[in-house]
Each structure stands twice: as structure tokens, then as C-alpha cells.
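**Q** I have a structure here, written as C-alpha cells, and I will follow up with some questions on it.
Quick note: the coordinates plus some simple rules give every number you see, no bench work behind them. Just so we're clear, the structure is a prediction, and the values are computed from it rather than from any experiment. Neighbour counts run over all protein chains shown; Cβ positions are idealised from the backbone, glycine included.
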Amino acid sequence: MGLLVVATFVAVAEIGAKRVAPGRDEEGGRYEAIVGTLGEVARTPVVWAISFVGITLLVGGSILLGVGSFGIPEGLAGTLVSVAYLIVGLLLVGFVFLGAYFATRSRGLGNAHGVAAGTLATGAAFLVLVTVQLLVGVVG
């Protein structure tokens, strides 16, 4: 599995030229308008700052409520800590998948290649987590 991941990223790195998908329309449509608008919003630094502050407050607040003595029942406190772990785990998985996806797309390959590279990277990270869990026991 590791050799397959390395071979995929070496193959993507070797493709230096940008490719253009055949049959691409210049006029676009409703989908292109929505994607363009969402792309503009995602490139705005204010959106990134607000998202970062919101995620930080959500994770930090759930950890503080989970471990602090604020009169919250024990069952709910454990759930809040589990939610914080879940959010951090989803963020890490998202970074691994999207990093591989956009690295592949920036080389001029299509969506399917990006999804394949992202899936391979996420699967490799999951295998590393399972291996470390079996050897060391980092989770629970």
C-alpha cells in the first residue's frame, strides 16, 4: 500500500504540464456560477479568519466544558470531549484528503485523479493510525 501511495505521488509530480479538459464550455452555466461564487468566498481572508476563530472556540469550549467543573453532568462532559476529538480528527482527515486532491489537481489532472490521490493518502494515514494503535495504543 505504501509503495502504491509513493508511486501515485511520483507519477503526479512527474506530470509538469497543465492539461485542459476536452470539450470545456466557455459560457458555463448555473453550476459554473455557483462554483465561481463559492471559490471567491473561499479565497477571502476574512472567511478563513472567521472559520478559524469559530472552530477554535468550538473545540476549546467543548474541552473546557468537558474537563472543567461547570456543573455539567458527567455523561455530557465526556460527550463534549469526544465531540472535540471528533472535530480535530475530521479536520486532520480533511487536510490530508484535500491536500492530496488539490496537489493532484494543480498538476493538471482531473477530478477522478484528485479523488484517487486523496483517497490513497487518507487510507495510508488510516493504516498508519491503525499500526500505531496496535503497537503503542494511542487511542483509548
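**Q** Kindly state, as a whole number, the per residue volume in cubic angstrom of the convex hull around the alpha carbon atoms of the chain.
**A** 157
**Q** Taking springs between alpha-carbon atoms closer than 10 angstrom, which of V96, V35, V130 fluctuates most in the Gaussian network model of the chain?
**A** Largest GNM mean-square fluctuation: V35.
**Q** Between V81 and L4, what FRET efficiency comes out of the Förster formula 1/(1 + (r/R0)^6) with R0 = 35 Å and r the beta carbon distance, rounded to 0.05?
**A** Working: r = 36 Å, r/R0 = 1.03.
With R0 = 35 Å, the Cβ-Cβ based efficiency is 0.45.
**Q** Taking the Cβ-Cβ separation of L65 and F126 as r and a Förster radius of 41 Å, what is the calculated FRET efficiency to the nearest 0.05? Intermediate results must be reported in sequence, preceding the final value.
**A** On the way: r = 29 Å, r/R0 = 0.71.
Calculated value: 0.90.
**Q** Along the range 114-131, what does the Karplus equation 6.51 cos²θ - 1.76 cosθ + 1.60 (θ = phi - 60°) give for ³J(HN,Hα), rounded to whole Hz, x for Gly and Pro?
**A** Running phi through 6.51 cos²θ - 1.76 cosθ + 1.60 with θ = phi - 60° gives x, 5, 5, 5, x, 5, 5, 5, 5, x, 5, 5, 5, 5, 5, 4, 5, 4 Hz.
**Q** Scan around G108 for amide H atoms under 5 Å from its own, H built in the peptide plane at 1.01 Å from N, and keep only partners 5 or more places away or cross-chain.
**A** R19
**Q** Could you go through the range 35-48 in sequence order and give the Karplus-derived ³J(HN,Hα) for each residue, using 6.51 cos²θ - 1.76 cosθ + 1.60 with θ = phi - 60°, rounded to whole Hz, and x for Gly and Pro?
**A** Values per residue, Gly and Pro as x: 5, x, 5, 5, x, 5, 5, 5, 8, 7, x, 5, 5, 5 Hz.
**Q** Put +1 on the Cβ of every Lys and Arg and -1 on every Asp and Glu Cβ in the chain; which of V35, A124, P45 then has its Cα farthest towards the positive end of the dipole?
**A** Comparing the listed Cα positions along the dipole, A124 ranks first.
**Q** Further, regarding this structure: Per DSSP helix of 4 or more residues, -39500 (n - 2.57); summed, then divided by the residues of the chain. What does that give at 222 nm, rounded to the nearest 500?
**A** Result for the chain: -26500 deg cm²/dmol, rounded to the nearest 500.
**Q** Say R0 is 25 Å: what FRET efficiency, to the nearest 0.05, do V139 and V53 get from their beta-carbon distance?
**A** Once the sixth-power term is evaluated, E becomes 0.35.
**Q** With only Lys, Arg, Asp and Glu charged, each at its Cβ (+1 for the first two, -1 for the last two), find how big the charge dipole of the chain is about the Cα centre; round to the nearest 20 debye.
**A** In total the dipole reaches around 240 debye.
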